[in-house]
Amino acid sequence: NAHLARELAQRAISSRNARLSLGRLQGSPLLLTEPDLRLDAAHGLASLAEQRRAVRAELQGLTGMAPLKAFLTQLEAKVEYVARGGDPRLLEGCLNIVLTG
């Protein structure tokens, strides 16, 4: 999980750098705010959960495509498992898919 923490910190710093002007960046200490860490309402966990619900609803709204729906449901379960500390090697492999129908 140290890799995840490093990645989140790098993203927050990049967000801060994009938000502030060069003059303010040079003269200010490194201070990360909620928007930099994406903890605000537009980017926080509640927003992510809402986006996931919308994607699930759209997927369930597709006509037919039972094998694809089952595959994506299994993939979602694997992602949740890894997010909770499971072995990330579980997600290795080619995930290129072609939707037809």
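Taken together, the values in this text are just the output of simple stated rules run on the coordinates, not laboratory data. Bear in mind that the values here come from a model prediction, so they are computed numbers and not experimental data.
The table for this structure:
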quantity: Extension reserve of the V98-Q74 stretch, reckoned as 0.36 nm per residue once the Cα distance is removed; calculated: 6.9 nm
quantity: Whole-Å semi-axes of the chain's equivalent ellipsoid (Cα gyration tensor); calculated: 35, 17, 13
quantity: Calculated [θ] (222 nm, deg cm²/dmol) that DSSP helices of n ≥ 4 give over the chain, each run adding -39,500 (n - 2.57); calculated: -19500 deg cm²/dmol
